[in-house]
Amino acid sequence: LGSPAFQIGGVADHVHVLCGLTKNQALKDLVMGLKKESSKWLKQEFEGFEAFHWQAGYGGFSISPTHVAPLKQYILNQEAHHHRESFQDELRRLLKMYRIEYDEKYIWD
């Protein structure tokens with residue numbers, strides 16, 4: 001979709017995509033395209049995914065180039081990481097750490 005992937009991985013309830021973002025595409029359009037194409041692929045390639053759909057929301061974060069290598073490793077270790085901290089608790093911690101105000105009723109679906 002014009003934004004090269006550097007690392008992709010996840011667990012049962014979420015996926016991380018570390019990629020470059022082209023200046024010609026908004027993040028929301030990239031996420032919409034990724035969700036659309038991956039849903040189509042899952043439904044065509046695997047039995048039992050006919051009713052699969054992504055949640056409506058997503059989170060987007062920018063990082064410094066110096067954090068690319070550690071983030072790749074973090075993405076590769078998602079399963080072990082989430083045995084220690086749930087996805088929901090991790091997101092709450094990040095939002096608090098970066099002083100991002102949020103309302104719980106709008107971030108989970």
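From the helices alone, meaning DSSP H stretches of at least four residues, give me the mean residue ellipticity at 222 nm for the chain, per-run term -39500 (n - 2.57), in deg cm²/dmol to the nearest 500. Don't skip to the answer; put the middle values down first.
Values: 5 runs with 50 residues, N = 109.
The per-residue figure over the chain is -13500 deg cm²/dmol.
Can you give the accessible area of PHE61 in Å² (nearest 10), computed on protein heavy atoms with a 1.4 Å probe?
My reading of the accessible area for PHE61 is about 130 Å².
If I ignore ligands, DNA and RNA and count only protein heavy atoms, how much of ILE63 is accessible to a 1.4 Å probe, in Å² to the nearest 10?
Approximately 80 Å² of ILE63 is accessible to the 1.4 Å probe.
In debye, nearest 20, what is the charge dipole magnitude of the chain about its Cα centre with +1 on Lys and Arg Cβ and -1 on Asp and Glu Cβ, if you could check?
Around 420 debye, computed over the chain.
For the chain, what % of the accessible area comes from carbon and sulfur atoms, probe 1.4 Å?
Carbon and sulfur atoms account for 57 percent of the accessible area of the chain.
Hey, if we sort GLU104, GLU90, GLU50, GLU85 by accessible area with the 1.4 Å probe, largest down, what's the order?
Descending order: GLU50, GLU104, GLU85, GLU90.
Protein chains only, probe 1.4 Å: how do THR66, THR22 rank by accessible area, largest first?
Result of the area sort, largest leading: THR66, THR22.
Heavy atoms only, probe 1.4 angstrom, no DNA, RNA or ligands counted: give me HIS67, HIS82, HIS53 ranked by accessible area, highest first.
Solvent-accessible surface, decreasing: HIS53, HIS67, HIS82.
For segment 5-56, how big is Rg over Rh, using alpha carbon atoms and the Kirkwood form of Rh?
Rg/Rh: 0.99.
Taking a spot 7 Å from the Cα of VAL68 along the direction of its beta carbon, which residues of segment 1-45 have an amide N less than 14 Å from it?
Taking a point 7 Å out along Cα→Cβ of VAL68, the residues of segment 1-45 whose backbone N falls under 14 Å are 3-8, 18-22.
Accessible area per residue of the chain at 1.4 Å probe, in Å²?
78
Measure of size requested: the Rg and Dmax of the chain, with Cα atoms as the atom set and Å as the unit; please supply both.
14.9, 43
Could you report the accessible area of ARG92 in Å², rounded to 10, computed with a 1.4 Å probe on the protein chains as they sit in the structure?
70
The values are calculated or read from the model by the stated rules, or taken from the named source; none is laboratory data. In this text, all values refer to a predicted model and were calculated from it rather than measured experimentally. Ideal geometry is used to build each Cβ from the backbone, glycine not excepted, and the neighbour counts take in all protein chains shown. In case anyone asks, the SASA skips ligands and DNA or RNA and just uses the protein heavy atoms, side chains included. Shrake-Rupley method; radii C 1.70, N 1.55, O 1.52, S 1.80 Å.
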